[in-house]
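To start, the structure itself, in C-alpha cells.
Each value in this text was obtained by applying a stated rule to the coordinates, not by laboratory testing. Since the model is a prediction, treat every value here as computed from it, not as a measurement.
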Amino acid sequence: MLQATQEENRVIQRISMQLPVKVEVRVDAKMTWEEIARIRDVSRYGAGFALTRPVKRGRLVFITIPMPRSLRTYDFAEPQYKIWGIVRRCIKFTDAETRSEKYSIGVGFVGKEPPKSYWVDPATIYEIVDRDEEDFWKISEAYTGPDTEVVPAESRRHSRFRIPTNVTVDILDGDGEPVASEDTVTENLSLSGASIYTSFSPSVGDFLRISSTQYNVTIISIVRGVRVGEDNIQRLHIEFIDRFFPLEGIEHM
C-alpha cells in the first residue's frame with residue numbers, strides 16, 4: 001500500500017469548492033458522452049463530483065475544469081485545465097434536492113495524455129501502481145484474470161453460466177430515465193455481463209438498467225453487442241457497469 005508523508009497529506013487533502021467541470025467518457029472507439037457537473041472537492045491529485053450516469057471503476061475520463069493555478073502541474077496560463085483521470089470511486093446516491101439517483105465519482109489525475117492502449121480500446125480498465133515524478137498517478141492495465149479473493153472457484157475466470165434468470169430490462173435515455181421496459185430472461189450470465197433475450201433493438205453503447213427480484217439487485221449496464229441467434233431471437237450482450245452480479249449460490253445447470 002502506498003504511504004504518504006505528513007507533507008504529502010497536506011497537499012493531497014482535497015479542498016471543497018464549487019467549480020464547473022466537463023466530464024467526457026469514451027464508451028468505445030466511436031461513441032463518447034459528456035456531462036457538465038460541479039466539482040465538490042479537488043486537490044492536485046484528483047477531484048470529486050456527481051454524475052447522472054455511472055462510470056466503471058478503473059475507466060479513464062477526460063475532464064476540463066477552471067482549476068486554481070496553485071493546484072496545477074501544467075498549463076498555468078490557460079483558463080481551463082484539461083486532464084485525464086482514473087475513476088477510483090462510483091457510488092450511487094439520492095440527490096437531496098432533486099430526489100433523483102446520481103453517482104458520486106472520485107477520480108485520480110493521471111496526466112495530460114492517456115496511455116496508448118486507451119486509444120486502442122477506450123473500455124480498458126486500469127489500476128494505480130504508483131506516482132510519477134510529476135506527482136501524477138501512474139497506472140497500468142488492470143489484471144482481468146481470476147479474482148481469487150472475491151470470486152468463487154467455479155467463477156474465477158468470469159465464467160458464463162447458462163442459466164435462464166428472470167430479469168427486467170429498462171432502456172435509459174440520456175438523462176438516465178427509463179423510456180421502455182420488458183421482462184425477459186438471460187441466455188447466460190457472468191459476474192461482469194450477460195446475454196439476454198430481448199424484443200428491443202438498442203444500439204451498441206446504449207445504457208440499460210437490469211433488475212432481478214430473485215437476487216435483489218439492480219445494475220446499470222451498457223450494450224456491447226446485438227445478435228440474432230439461429231432461433232431468430234435477438235440477444236443483447238451487455239456489460240455490467242456499477243457492480244458485479246451476485247453469483248453466490250448459482251450453480252451450473
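Of the two radii for region 31-90, the radius of gyration is 0.95 times the Kirkwood radius, both from the alpha carbons; that is the Rg over Rh value.
For region 158-240, the relative contact order works out to 27 percent when only alpha carbon pairs closer than 8 Å and six or more residues apart are counted. For region 100-140, what does the alpha-carbon gyration tensor say about shape, rounded, prolate or oblate, given a ≥ b ≥ c as the root eigenvalues, a/c under 1.5 as rounded, and a/b over b/c as prolate? In terms of gyration-tensor shape, oblate.
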